[in-house]
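Here's the structure, in structure tokens; my notes come after.
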Protein chains: 2
Amino acid sequence: MRQSKNRIVELEGILREGGVRVTRQRAAILKILAEAEDHPDASELHRRAKEIDATVSLSTVYRTLSALEQQGVVQRHAFENATARFETADAPHHDHLIDIETGAVIEFRSDKIEQLQAEIAAELGYDLVRHRLELYCRKRKE
Amino acid sequence: MRQSKNRIVELEGILREGGVRVTRQRAAILKILAEAEDHPDASELHRRAKEIDATVSLSTVYRTLSALEQQGVVQRHAFENATARFETADAPHHDHLIDIETGAVIEFRSDKIEQLQAEIAAELGYDLVRHRLELYCRKRKE
DNA sequence: AATGCAAATGAGAACCATTTGCAACTAGCT
DNA sequence: AGCTAGTTGCAAATGGTTCTCATTTGCATT
């Protein structure tokens, strides 16, 4: 609670420094994002943000998300056959496991895989700029 | 040449067995796909297929690609910020390295990464159904 | 507190890759 | 050759996302 409040203030600072105004609508979206434990999409964020500020429009949600993405504050993910989903970029780098039955997203990280990726790119004569690794899974039954 | 011809006949057989009719248009699209060395998108396939059979429409390209995908003959890839690209599913499984400057796609395979992925899923209580691994790279300068 | 102005907003139109409805064909079995 | 369900081309629809534009607003400066 207190943490997320601080986090919000911090995020607002990042925006101001980036020359991005902190409006009522953006504050609402930022708060929702900072408190989100999941990976909501634009319309879910819109739904949640409207509870704080009913005037927030979907256009503004999209525009704000793009602005936040450019500031490096938010990350956009385009998982298979789905609308874009978002998360704050405060956690260290990680990849995603998607439950193909529920759509739930679990974060994970493997330094070994990260390293192997860089090696593969290097072997092929490339520098790795970024990557996308998604595991589409089904919950183990037993 | 001869190989791709055989491959086409083979693919047509798969379709017929799957209860999918091999029409003039589908034969053209199949030929283009079998001969493609790259990862073309729907409109590029359409452009190429029209050279064989001018009547092929873009709708049919899309419909055929969906049918082929369902038969497991074609794979669809949705790389970042781009339209879907396709390839025949005859080669063994591989992942992709995308040159972010040219859009060129290079295939690669890492058994180690494959194995690590399965282990990660298992640790999290999941069975890995499929995955997506894409390396977005820039050609090394020197 | 009032002012000025660039940035931001809401509503809806535009975009664009992909899908779909429909009436006219046709592959492939009999 | 004929039948019939699968296919086709065309045009219209779809749907997530972006853009346009007239209006509002944050905020630096008086």
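What follows draws every value from the coordinates through simple rules; no lab data is involved. Source: prediction; values computed, not measured. Reconstructed Cβ throughout: ideal geometry from the backbone, glycine too, with neighbour counts over all protein chains shown.
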**Request:** Using Cα positions and a limit of under 20 Å, work out the lysines in reach of A:K112, with same-chain residues fewer than 8 apart set aside.
**Result:** B:K112
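Can you compute the helix-only [θ] at 222 nm over chain B? Use -39500 (n - 2.57) per DSSP H run of at least 4 residues, normalise by all residues, nearest 500 deg cm²/dmol. Numbers along the way, then the final one.
Values: 5 runs with 65 residues, N = 142.
Rounded to the nearest 500, it is -14500 deg cm²/dmol.
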**Complete:** Fraction of alpha-carbon pairs in the protein assembly as shown farther than 22 Å apart, rounded to whole percent, equals 67 percent
**Asked** Taking the Cα centre of the stretch A:10-142 as origin and charging only Cβ (+1 Lys, Arg; -1 Asp, Glu), how large is the dipole, in debye to the nearest 20?
**Response** 560 debye
**Complete:** Taking a crude spin-label model, label points 7 Å out from Cα along the C-beta direction, the A:E69 to A:E114 distance in nm is 2.3 nm
**Asked** Once both labels are modelled 7 Å past Cα along the beta-carbon direction, what's the A:A122-A:K139 spacing in nm?
**Response** 4.1 nm
**Prompt:** Once Lys and Arg get +1 and Asp and Glu get -1 on their Cβ, which of A:I52, A:A67, A:F79 lies farthest toward the positive end of the dipole of the stretch A:2-88?
**Reply:** A:I52
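Stick to the Cα atoms of chain A, pair each with every other, and give me the Kirkwood hydrodynamic radius in Å at one decimal. Spell out each step's value before the answer.
On the way: mean 1/r = 0.0596 Å⁻¹.
One over the average 1/r among Cα pairs gives 16.8 Å for chain A.
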**Prompt:** With charges set only on the Cβ (+1 for Lys and Arg, -1 for Asp and Glu), what does the dipole of the protein assembly as shown come to about its Cα centre, in debye to the nearest 20?
**Reply:** 1000 debye
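Relative to the Cα centre, what is the charge dipole magnitude of the stretch B:2-88, using +1 at the beta carbon of each Lys and Arg, -1 at the beta carbon of each Asp and Glu, and rounding to the nearest 20 debye?
Values: 14 positive and 13 negative charges, 80 e Å.
Dipole of the stretch B:2-88, to the nearest 20 debye: 380 debye.
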**Item:** 7 Å along Cα→Cβ, label-point gaps from A:V129 to other copies, nm, shortest first
**Value:** 3.2
**Quarter of the Cα convex hull surface for the stretch B:42-126, i.e. its orientation-mean projected area (nm²)** = 7.6 nm²
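Between beta-carbons, use under 12 Å as the cut-off and find the net charge around B:R26, counting Lys and Arg +1, Asp and Glu -1.
On the way: positive: B:R16, B:R21, B:R24, B:K31, B:R63; negative: B:E12, B:D53.
Result for the local shell: +3.
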**Request:** Would you list which lysines come within 28 Å of B:K50, measuring only between C-alpha atoms, while excluding same-chain residues fewer than 8 positions from it?
**Result:** B:K5, B:K31
**Asked** With a ≥ b ≥ c the root eigenvalues of the C-alpha gyration tensor of the stretch A:95-137, is it rounded (a/c under 1.5), prolate (a/b larger than b/c) or oblate?
**Response** prolate
**Fill in**
Partner shielding of A:116-129, taken as the mean number of other chain Cβ atoms within 10 Å, equals 6
**Message:** For B:A104, place a label point 7 Å from Cα along the Cα-to-Cβ direction in every copy; what are the distances to the other copies, in nm, shortest first?
**Reply:** 4.3
**Asked** At A:S59 and B:E101, where each label point lies 7 Å from the Cα along Cα→Cβ, what is the point-to-point distance in nanometres?
**Response** 3.9 nm
**Asked** If the label for B:T23 sits 7 angstrom from Cα along the Cα-to-Cβ line, what are its distances to the same label in every other copy, in nm to one decimal, shortest first?
**Response** 4.9
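Filter the GluC sites (Glu not before Pro) in the stretch A:11-99 to those in DSSP coil with at most 12 other Cβ atoms within 10 Å of their Cβ, and list the result. Walk me through the intermediate numbers first.
Working: sites: A:E12, A:E17, A:E35, A:E37, A:E44, A:E51, A:E69, A:E80, A:E87; in loops: A:E37, A:E80.
Here the GluC sites (Glu not before Pro) that fit, given the DSSP loop and packing criteria, are A:E37, A:E80.
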**Request:** Only Cα pairs under 8 Å and at least 6 apart count here; give the relative contact order of chain A as a rounded whole percent.
**Result:** 18 percent
**Request:** Straight distance only, please: which aspartates and glutamates reach the Cα of B:K141 with their own Cα at less than 20 Å, same-chain residues fewer than 8 apart left out?
**Result:** A:E119, A:E123, A:D127, B:D99, B:E101
